[in-house]
Amino acid sequence: MVAVFLSAFLLAACTPKQGLTLHDAWARPGLKDGNSAVYFEVQNPLAEEDLLLKAECTAAASTELHISMMDASGNMMMQPQENVPIPAQGQVSFKPGGLHVMLIGLTQDLNAGDTLALTLTFQNAGTLQLEVPVKTP
């Protein structure tokens, strides 16, 4: 009986805490020294809002959090974001025509079928890493 209790306790102690989940990640192809973008979904099942603070990618000289939007003249423009709120018990979509991670100054060609490593830093969840496939939209 003690062994069963101890096993259950150790299993619970090793089980990761539930938190943010990331899925459906993909990146656009791009040429070295050019730009690309990464898209994904973030789900927050927790009762507390989190903030995406930054993104990093070794395949680019720099990265920025961006949103695409129409200006007053009806032209599409991109605007950098300092952070992106991830609402409690909510979901945020990074998708073409909306939020995205901009990869600026690619250090290599990104071809369909390649993968790249993306590191996302959140205020509460900390650092999460993704392997992102490159796909043709």
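Return the only residue of Pro96, Pro45, Pro87 being loosely packed, with under 14 Cβ neighbours inside 10 Å, touching a Pro at 6+ places or on another chain (Cβ under 8 Å), modelled with pLDDT of 95 or more and at negative phi. Reasoning before the result, please.
Working: Pro45 fails: touching a Pro at 6+ places or on another chain (Cβ under 8 Å); Pro87 fails: touching a Pro at 6+ places or on another chain (Cβ under 8 Å).
Residue meeting the stated conditions: Pro96.
Taking the criterion of being touching a strand residue (DSSP E or B) at 6+ places or on another chain (Cβ under 8 Å), in a loop (DSSP other than H, G, I, E, B) and either among the hydroxyl-bearing types (Ser, Thr, Tyr) or surrounded by fewer than 16 Cβ atoms within 10 Å (Cβ to Cβ) (or both), the residues of segment 99-128 that qualify are Thr107, Asp109, Asn111, Ala112, Gly113, Asp114, Gln123, Asn124. For the residues Ala37, Ala60, Ala72, Ala55, the requirement of being without any contact (Cβ under 8 Å) to a residue 24 or more places away in the chain and small (Gly, Ala, Ser) singles out Ala72. State all residues of segment 61-100 that are of a type in the set (Val, Ile, Thr) and under 23 Å from Ala47 (Cα atoms); if no residue qualifies, say none. Residues satisfying the conditions are Val84, Ile86, Val92. The number of residues in segment 34-79 being in a strand (DSSP E or B), more than 11 Å from the chain's Cα centre (by Cα) and hydroxyl-bearing (Ser, Thr, Tyr) comes to 4. For segment 49-77, the set of residues classified as of a type in the set (A, V, I, L, M), at pLDDT 95 or above and farther than 16 Å from Leu118 by Cα consists of Leu51, Ile67, listed by residue number.
Residues in segment 18-33 that are exposed (fewer than 15 other Cβ atoms within 10 Å of the Cβ), in a loop (DSSP other than H, G, I, E, B) and modelled with pLDDT of 95 or more: Leu31, Lys32, Asp33.
The values are calculated or read from the model by the stated rules, or taken from the named source; none is laboratory data. Worth saying up front: this structure is predicted, and the values here are computed from it rather than measured. Please note: Cβ atoms are built from the backbone with ideal geometry, for glycine as well, and neighbour counts cover all protein chains shown.
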